[in-house]
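Worksheet: the structure to be examined is printed underneath.
The values are calculated or read from the model by the stated rules, or taken from the named source; none is laboratory data. This is a predicted model, so every value here is computed, not measured. Using ideal geometry, Cβ is built from the backbone for each residue, glycine included, and neighbour counts are taken over all protein chains shown.
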Amino acid sequence: MSDFFQYLVNGLTIGAFLSLIALGYSMVYGVVRLINFAHGDIFMIGAFAGFTVLTTIGVTGGMAIPAVLAAVVVGSLATGVVGAGIARVVYTPLLKARQLSLFIAAIGVSLALSEGVKLLTGARFKSYPDALDGGQIMAGSVRVSYAQLVLVVFSVVLMAVLWLFVTRTVTGTAMRALAMDRDAARLQGINVERLILMTFLIGSVLAGAAGVMYGLYYTQISFGMGFLIGLRAFTAAVLGGIGNLPGTMAAGVLIGLIQSFAAGYISSRWTDVIIFGVLIAVLAFRPSGLFGERVVERA
Amino acid sequence: MSLLEVSELTSRHGQIEALSGISFDVGSGEIVALLGSNGAGKTTTLRTITGLHRAKSGRIVFDGEDLSRLGAHRIVALGLGHVPEGRRVFPALTVAENLLLGGYLKRRERHVINERREEIYETFPRLGERRSQLAGLLSGGEQQMLAIGRALMHRPRLLALDEPTMGLAPQTARQVLEIIRRIRDGGTTILIVEQNAHQALRLADRAYVLESGRIVLSGPAAELAADPRVKAAYLGGDPAPRTSTG
């Protein structure tokens with residue numbers, strides 16, 4: 001039984017950052033109908049930016065906590081700038097082109113980012129500084145590391161802030177409206193191009209924060225890490241009903257739990273088979289996601 | 001003096017010329033109707049004026065400003081509101097949220113948005129009753145009122161309405177037209193596109209008749225209503241099927 005709770009804790013941890021990444025897929029799809037295949041690589045860049053900050057500041061002595069905070073802030077701002085910059089340079093000129101052009105551009109961006117980081121930093125895995133010092137709390141026989149606690153708490157805070165922004169502010173409401181009807185949004189005086197860039201910015205900031213957390217949790221990063229994690233997060237976005245933010249958050253946690261339990265009770269070699277099996281099943285039987293469409297069709 | 005002046009406007013949809021050099025004007029305080037059958041170019045005219053569609057050539061001057069190079073969001077900010085064809089309310093947002101976005105230009109002054117929203121609820125009590133309902137669940141007439149209310153939130157000096165009575169029951173359609181008259185009496189200039197020439201001519205001061213992207217007739221509404229050509233084409237016999245128009 002203690003195994004079960006350990007897997008549960010691990011699964012919630014993985015789910016927390018998968019949700020953060022999945023939100024970026026979901027939000028961007030909502031406003032431009034693009035499956036942004038470069039999003040996983042944005043997450044990777046966040047991990048590398050955080051890595052640079054941590055190794056520059058150093059994590060010895062009393063510097064650990066400030067260094068982690070700085071890494072998360074710098075990592076997410078860096079990815080925000082990169083994500084919005086790419087959207088401005090590559091995606092917005094293609095908004096009026098066929099959907100396929102955007103999609104192929106996204107694959108190109110994905111390759112450019114991962115290969116670019118490889119050229120800059122080398123192909124070897126990097127060991128993340130162990131800023132949280134392997135500290136842990138024992139609840140019975142269940143081990144909860146400080147890294148896990150920080151990761152879950154921080155993810156929940158970020159998602160709560162996002163939710164408040166999207167539901168309570170005029171700009172957030174405009175973002176939801178944009179996903180429903182771009183022309184009608186323009187007619188309210190909404191600068192649609194700018195709001196699209198802001199959506200990329202927010203999604204990238206969340207992915208960047210997730211990248212730093214990933215590094216702190218798994219303690220190893222590489223230029224190619226964005227691909228698989230990105231696909232898992234994308235699965236979560238599809239499962240939650242792409243464009244549906246609460247659904248995406250919940251599905252991210254669900255995929256994290258599936259990953260953890262599959263690794264624990266079956267074999268970690270099977271986790272991706274199971275996760276992508278779920279993706280195929282959802283696409284085949286419930287293409288609008290487990291939680292269904294939230295969008296009401298016009299009467 | 002004209003508030004809106006359109007001259008020699010041409011516009012294309014791909015290879016097809018949708019507007020072949022139309023000119024018309026709307027004076028301050030007027031209700032002007034654009035009439036014509038399906039595909040005559042009425043919707044394209046409105047979409048080009050409000051910046052959703054790029055003009056190929058011609059000039060659109062609103063209160064002294066040339067609109068032809070401006071994006072739609074800038075045109076709205078100049079005081080030109082557009083209630084689009086098919087209402088286009090945001091279906092998964094509540095009535096209150098739809099109106100909130102109508103006040104988007106005032107987003108840094110939430111109290112202004114809230115005050116204006118209360119005024120809309122007074123003008124349209126139905127919207128007040130349903131403020132927390134999703135717009136997609138409203139009836140057609142209620143959605144039309146919401147679309148009009150949403151446009152009024154940004155206090156336009158000229159309100160362009162595209163087929164506001166389309167798909168509505170006759171009684172609801174009359175209510176909507178009465179609301180439009182009241183909006184004009186409140187000082188807002190109206191440019192209305194209608195397939196239902198009969199009702200539009202009773203409402204409007206002046207009208208233009210579009211056919212295949214050209215203006216073929218124009219004049220005071222009462223004169224046009226009596227014109228045998230208009231009677232034959234638009235007022236007699238069965239009304240044309242009221243589907244989506246071009």
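Would you call B:Thr43 closer than 21 Å to B:Gln195 by Cα, assigned to a helix (DSSP H, G or I), within 14 Å of chain A (Cβ to nearest Cβ) and touching a residue at least 60 places away in the same chain (Cβ under 8 Å)?
The answer is yes for B:Thr43.
Can you pull out every residue in region B:46-70 that is of a type outside the set (Ser, Thr, Tyr) and within 12 Å of chain A (Cβ to nearest Cβ)?
B:Leu46, B:Arg47, B:Ile49, B:Gly51, B:Leu52, B:His53, B:Arg54, B:Leu70
Among A:Thr92, A:Thr56, A:Thr79, which is the only one that is assigned to a helix (DSSP H, G or I), more than 18 Å from A:Ala207 (Cβ to Cβ) and touching a residue at least 40 places away in the same chain (Cβ under 8 Å)?
On inspection, the qualifying residue turns out to be A:Thr92.
Can B:His73 be described as surrounded by 16 or more Cβ atoms within 10 Å (Cβ to Cβ), under 20 Å from B:Thr188 (Cα atoms) and either in contact with a strand residue (DSSP E or B) (Cβ under 7 Å, 6 or more places away or on another chain) or more than 7 Å from chain A (Cβ to nearest Cβ) (or both)?
The answer is no for B:His73.
Which residue out of A:Met27, A:Met63 is surrounded by fewer than 16 Cβ atoms within 10 Å (Cβ to Cβ), part of a helix (DSSP H, G or I) and either in contact (Cβ under 8 Å) with a residue 40 or more places away in the chain or not acidic (Asp, Glu) (or both)?
Just a single option satisfies the conditions, and that option is A:Met63.
What's the number of the condition B:Gly29 fails, among (1) part of a strand (DSSP E or B); (2) under 16 Å from the mean Cα position of the chain (by Cα)?
Exception for B:Gly29: condition (1).
Is there a residue in region A:217-228 that is under 9 Å from the mean Cα position of the chain (by Cα) and closer than 11 Å to A:His39 by Cα?
No, region A:217-228 has no match at all.
Can you name every one of the helices (runs of 4 or more DSSP H) wholly within region A:136-203 that holds 3 or more residues which are more than 8 Å from chain B (Cβ to nearest Cβ)?
A:146-168, A:170-180
For residues that are free of Cβ contacts under 8 Å to residues at least 12 places away in the same chain and outside any helix (DSSP H, G or I), scanning just region B:94-115, find the one that is farthest from A:Val166 (Cα to Cα).
B:Glu109
Each row is one residue, and each column tells you yes or no for (1) surrounded by fewer than 19 Cβ atoms within 10 Å (Cβ to Cβ); (2) within 20 Å of B:Gly187 (Cα to Cα).
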position: B:Arg69; (1), (2): yes, no
position: B:Ala77; (1), (2): yes, yes
position: B:Arg87; (1), (2): no, no
position: B:Gly103; (1), (2): no, yes
position: B:Glu119; (1), (2): yes, yes
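When region A:187-203 is examined, which residues are found to be small (Gly, Ala, Ser) and either surrounded by fewer than 23 Cβ atoms within 10 Å (Cβ to Cβ) or within 20 Å of B:Arg108 (Cα to Cα) (or both)?
Hit for region A:187-203 is A:Gly189, nothing else.
Tell me whether region A:175-194 contains one or more residues that are over 20 Å from A:Val117 (Cβ atoms), small (Gly, Ala, Ser) and touching a residue at least 12 places away in the same chain (Cβ under 8 Å).
Yes.
Of all residues in region A:221-235, how many are closer than 10 Å to A:Asp272 by Cβ and either surrounded by 18 or more Cβ atoms within 10 Å (Cβ to Cβ) or among the polar types (S, T, N, Q) (or both)?
Number satisfying all stated conditions: 2.
Restricting attention to region A:124-133, does a residue exist that is more than 20 Å from A:Leu18 (Cβ to Cβ), among the aromatic types (Phe, Trp, Tyr), away from every other protein chain (no Cβ under 14 Å) and assigned to a loop (DSSP other than H, G, I, E, B)?
Yes: region A:124-133 contains one or more residues that are more than 20 Å from A:Leu18 (Cβ to Cβ), among the aromatic types (Phe, Trp, Tyr), away from every other protein chain (no Cβ under 14 Å) and assigned to a loop (DSSP other than H, G, I, E, B).
Quick one: in region B:145-189, of everything that is surrounded by fewer than 22 Cβ atoms within 10 Å (Cβ to Cβ) and hydroxyl-bearing (Ser, Thr, Tyr), which residue is nearest to B:Asp205 (Cα to Cα)?
B:Thr188
Out of all the residues in region A:239-257, is one or more more than 14 Å from chain B (Cβ to nearest Cβ), touching a His at 6+ places or on another chain (Cβ under 7 Å) and hydrophobic (A, V, I, L, M, F, W, C)?
No; the residues of region A:239-257 include none that is more than 14 Å from chain B (Cβ to nearest Cβ), touching a His at 6+ places or on another chain (Cβ under 7 Å) and hydrophobic (A, V, I, L, M, F, W, C).
Looking only at region A:93-151, count how many residues are of a type in the set (S, T, N, Q), surrounded by 13 or more Cβ atoms within 10 Å (Cβ to Cβ) and at pLDDT 85 or above.
Result for region A:93-151: 6.
Name the residues in region B:218-246 that are part of a loop (DSSP other than H, G, I, E, B) and at pLDDT below 85, would you?
Of everything in region B:218-246, those that are part of a loop (DSSP other than H, G, I, E, B) and at pLDDT below 85 turn out to be B:Gly236, B:Gly237, B:Asp238, B:Pro239, B:Ala240, B:Pro241, B:Arg242, B:Thr243, B:Ser244, B:Thr245, B:Gly246.
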